[in-house]
1. Starting from the residue with the highest accessible area, list Y47, Y127, Y225 in decreasing order, probe 1.4 Å.
2. Could you rank the peptides 271-277, 166-172 by their average count of other C-beta atoms within 10 Å per residue, with the highest value first?
3. For region 1-53, with every protein chain kept in place, what is the accessible area per residue (1.4 Å probe, Å²)?
4. Quick check for you: which residues of region 199-237 have the amide N under 12 Å from the point 7 Å beyond the Cα of Y47 toward its beta carbon?
5. Using a 1.4 Å probe on the protein heavy atoms only, what accessible surface does S173 show? Give it in Å² to the nearest 10.
6. How are the Cα pair distances of region 165-264 distributed, in percent, across 5 Å bins from 0?
7. For the pair Q275 and V220, what calculated FRET efficiency results from E = 1/(1 + (r/R0)^6), where r is the Cβ-Cβ distance and R0 = 45 Å, to the nearest 0.05?
8. Could you order the peptides 99-112, 198-211 from most to least packed, using the average number of other C-beta atoms within 10 Å per residue?
Amino acid sequence: MASEITIDRLFDDKRFPAELNWVFVVLYFPLGLMLTIVRFFIGIHVYTIACFLPKVSLIRCFVLRVMCGVLGLIVVQHDLNRESSGSPVLVSNYTTPFDHVAVELVRPNVMPSVWDLPNILIWLLGYRDMGAKHGRETLIQNASRHCRESSVPLLAFPEGATTNGKIGLLKFSVWPFSLDQPVQPVTVRINRPLIGVTSSVTNSKWWNDLFWFLFVPFSVFHIRYLPVMTQNEDETPQEFAKRVQVAMADSLGIVPTAFTSIDKLEYIKRQLFEQQSSSGHTGHRSTGQSAAVSQPSEFDLMINQVKIVLPHVPVDVIRKDLGMYGISWHPLPCA
């Protein structure tokens, strides 16, 4: 039952599971390190190709899929008979920072940026700025316009934050279901047959996840298409989002939960606070200028840790919420 699931079960905190074969990992380590270095430079070429070839080009899709296979990213599609080329909106569960790459390999798409990132970084990551920073209504208007004017579908991750994909789905954001468009649900599962290193952990930085993607022999993404779903006449966007969430959870064999990406933020903050408390940093309030100098650095470090995991959450919100846990920033007075 969803009501019996605690939020910590939705995420993995350990990169190395207990059943990991450490003997094999140690023996594989030199080869894995060489693979990481070689794949990194190959990845630069893959990125260049992705930037300059037309998004819907068959040549681009073929070349990228082959080269990503060399990088260790294998995509397997299921229930292809359900794929609809006419569906303008794709929605997927969210398990790793690289899920959109796997979907892009088999179904070229546009992913709206819902993160507060610089424009140059949005372009480099292949996202499309649709005005999310100006509010949900602006995002919905621009996304609706794209659906009307372009044949390239939108890709959305309505959970808003990654989970381990083993227990339950986070509550879906409503905006992808407010576009008055048919929705093609897509489920993503990932497994690593030879070295079962966890693909993404709670406080993981994206470049840490990238390292392990390049290090392991290969990661297999299983992409399953569900039937296209449309909003009923007497159905609100919230009810439509819930119906799609339930359908995707049933397909994955997990449960839909009421937890949100903000609940994950709270969970991460509690973890950081407990780590700070256990290390004694928050228990010692030194006086004098030296304490005033050190406190902001610890506080900013915690903000950065949360921001890396949940980049769509504004810094001001993180700073305010951390203050609720008794962690505060006191800037030095001007001399």
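The values are calculated or read from the model by the stated rules, or taken from the named source; none is laboratory data. Since the structure is predicted, the reported quantities are computational estimates derived from the model, not experimental observations. Note that we place each Cβ from the backbone using ideal geometry, even for glycine, and neighbour counts take in every protein chain shown. These accessible areas exclude ligands, DNA and RNA; they are computed on the full protein's heavy atoms, side chains included. Shrake-Rupley method; radii C 1.70, N 1.55, O 1.52, S 1.80 Å.
1. Details: Y47 85, Y127 40, Y225 5 Å².
The ranking, largest first, comes out as Y47, Y127, Y225.
2. Values: 271-277: 16.0, 166-172: 21.9.
The peptides rank, most packed first, as 166-172, 271-277.
3. Working: 3820 Å² over 53 residues.
For region 1-53, the per-residue accessible area is 72 Å².
4. Within reach of a label on Y47, which here means backbone N under 12 Å from a point 7 Å along Cα→Cβ, region 199-237 contributes 207.
5. Its accessible surface works out to 50 Å², give or take rounding.
6. 2, 11, 18, 19, 18, 15, 10, 5, 2, 1
7. Values: r = 33 Å, r/R0 = 0.74.
The value I calculate is 0.85.
8. Going from most to least packed, we get 99-112, 198-211.
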